[in-house]
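Peer 1: One structure follows; several queries about it will come next.
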Amino acid sequence: MKKKVKISKVPPKGWPTEEEWKKIEKNFKEEDVYQILSPKASPVDRIKYKLCEEFVRYCNEHELNQRELAVKLGVGEARVSEIVHYKYQRFTIDKLIMLLSIIKPNLKFKVA
């Protein structure tokens, strides 16, 4: 006997609403691929991943597309695309922090 799967129309607490998801998806092309952090990722890769999350969060909060973010950061759109799609291998931690400090000058870091 198969159990019925119940699908909720309301997202769990803290999750984006359907409207917010549509805004997020609008900012990124369908063919762009996001890199997923491996469970075996090094501490350096974990830090870079978290830094990339901050750029994505900033774009979503300020409703910016990649071109607009590139202008703010003073870098090319291709570099911004790499950041927001978590392709952080071409970046050093200090480069990501330097770029992030342009848009979030008061951001504080905590090392645990």
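The values are calculated or read from the model by the stated rules, or taken from the named source; none is laboratory data. Fair warning: this is a prediction, and the values are worked out from it, not measured in the lab. Don't worry about glycine lacking a Cβ; one is built from the backbone with ideal geometry, like all the others, and counts go over all protein chains shown. Accessible surface is based on the protein model in full, side chains and every heavy atom, while ligands, DNA and RNA are left aside. Shrake-Rupley method; radii C 1.70, N 1.55, O 1.52, S 1.80 Å.
Peer 1: Name the helices (runs of 4 or more DSSP H) wholly within segment 36-102 that hold at least 2 residues that are touching a helix residue (DSSP H, G or I) at 6+ places or on another chain (Cβ under 9 Å) and small (G, A, S)? Before you say what the answer is, go through the steps one by one.
Peer 2: Numbers: elements: 43-62, 66-73, 77-84.
Ranges flagged: 77-84.
Peer 1: Just name the residue that is least open to solvent (accessible area, probe 1.4 Å) out of those in segment 1-47 that are within 20 Å of V80 (Cα to Cα), of a type in the set (D, E) and at pLDDT 70 or above.
Peer 2: Per the stated criteria, the residue is D45.
Peer 1: Has segment 48-59 got at least one residue that is open to solvent by 60 Å² or more (accessible area, probe 1.4 Å) and not charged (D, E, K, R)? Spell out the reasoning first.
Peer 2: Restricting attention to segment 48-59, the residues satisfying the condition of being open to solvent by 60 Å² or more (accessible area, probe 1.4 Å) are 50, 57.
Keeping just the survivors that are not charged (D, E, K, R) gives none.
No, there is no match, as no residue in segment 48-59 is open to solvent by 60 Å² or more (accessible area, probe 1.4 Å) and not charged (D, E, K, R).
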